[in-house]
1. About its Cα centre, what dipole magnitude does segment 207-249 give when the only charges are +1 on Lys and Arg Cβ and -1 on Asp and Glu Cβ, stated in debye to the nearest 20?
2. What is the sum of charges, Lys and Arg at +1 and Asp and Glu at -1, for the other residues whose Cβ falls under 15 Å from the Cβ of Pro153?
3. In segment 194-226, what GluC sites (Glu not before Pro) fall in a loop by DSSP, with at most 15 other Cβ atoms inside 10 Å?
4. Going highest first, how would you order 85-98, 177-190 by mean Cβ packing within 10 Å?
5. Tell me the Kirkwood hydrodynamic radius of the chain in angstroms, computed as one over the mean inverse distance between distinct C-alpha pairs.
6. When the dipole is taken about the Cα centre of the chain, and only Lys, Arg (+1) and Asp, Glu (-1) are charged at their Cβ, what size is it in debye, to the nearest 20?
7. If you take the beta carbon distance between Arg243 and Ala175 as r and set R0 to 30 Å, what does 1/(1 + (r/R0)^6) give as a FRET efficiency, to the nearest 0.05?
8. Taking every pair of alpha-carbon atoms in segment 207-249, what share in percent sits in each 10 Å bin, from 0 to the bin with the longest distance?
Amino acid sequence: MTVFPAVAGALPVAHFSEIGSTNAEALARAAANTPEQWIVADRQIAGRGRRGRQWVSEPGNLYSTLLLYDPAPPALSPQICFVAALALHDAVCDALPTLDPQYLHLKWPNDLLLAGKKLAGILVEGASAGARQAVVTGTGVNCVHHPVDTAYPVTDFAAEGFSLTPQALFEKLAARMMDRLTLWRGGRGFNAIRNAWLARAHDLGRQIEVKLAERVLNGRFDEIDSEGALVLSLPGGHRELIRAGDIFPAAAK
């Protein structure tokens, strides 16, 4: 059985061998006004990703969620996705010093890639908790398993020749998340977070395809703005702000 620490990053850790969803558990605990904490699980039976997608959650991977209260003004709370992405990038580099960071990138808005293939995803959700706002940040990392037949290439650390246990990665992640939260300062330090994220961004300056609910756009990924929206340069010089969508490499002509 995987053994996780009782405390990580100065916060308590609730560890489950099996759970529906670490994010759902964190939201339930927020409704019960439990203290800030980490929720980790060896396996999820109802894991989910962005837009309600299923998140395959076999044992051997990392499934963790951080529960915080009022980490930032509500309008700025979604920025925590970029904070968590940087913390995860940091943690992987700490845990795998032989991995060349030039192959490890962040895909807007919430994925970690290794050599262009998805390794991890982040899901941020919020809910009212009495007079406070609860924000839960879930992170799923493919250590030894990954799904097949996905729209975007996916991999895991073992498949790429790296040995990394969920508990070893979690201990690094918990510490690095506290570091990045300190840098973020509830949104006041987002410019530093933004710059660090852009330095690790996948496809920055390249042509990409953006799939929205109602249309598909093709353009150049220029940057993210001061709120975290993707800035897409379209043919003709028009720039569009993308606040939610799925991005892919531009289709070959």
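Rule-based calculations on the coordinates, nothing more; no lab input. Keep in mind that what you see is a predicted model, and the values were worked out from it rather than measured. Note that we place each Cβ from the backbone using ideal geometry, even for glycine, and neighbour counts take in every protein chain shown.
1. Numbers: 5 positive and 8 negative charges, 27 e Å.
Magnitude of the dipole: close to 140 debye.
2. Working: positive: Lys107, Lys117, Lys118; negative: Asp111, Asp149, Asp156, Glu160, Asp203, Glu209, Asp246.
Net charge in that neighbourhood comes out at -4.
3. Details: sites: Glu209, Glu214, Glu223; in loops: Glu214.
Those that pass, being in a loop and sparsely packed, are Glu214.
4. On the way: 85-98: 20.3, 177-190: 17.5.
So the order, starting with the most tightly packed, is 85-98, 177-190.
5. The answer is 18.5 Å.
6. Numbers: 24 positive and 25 negative charges, 102 e Å.
Dipole magnitude for the chain comes out near 500 debye.
7. Details: r = 31 Å, r/R0 = 1.02.
The computed FRET efficiency comes out at 0.45.
8. Calculated over all Cα pairs of segment 207-249, the distribution is 31, 61, 8 percent.
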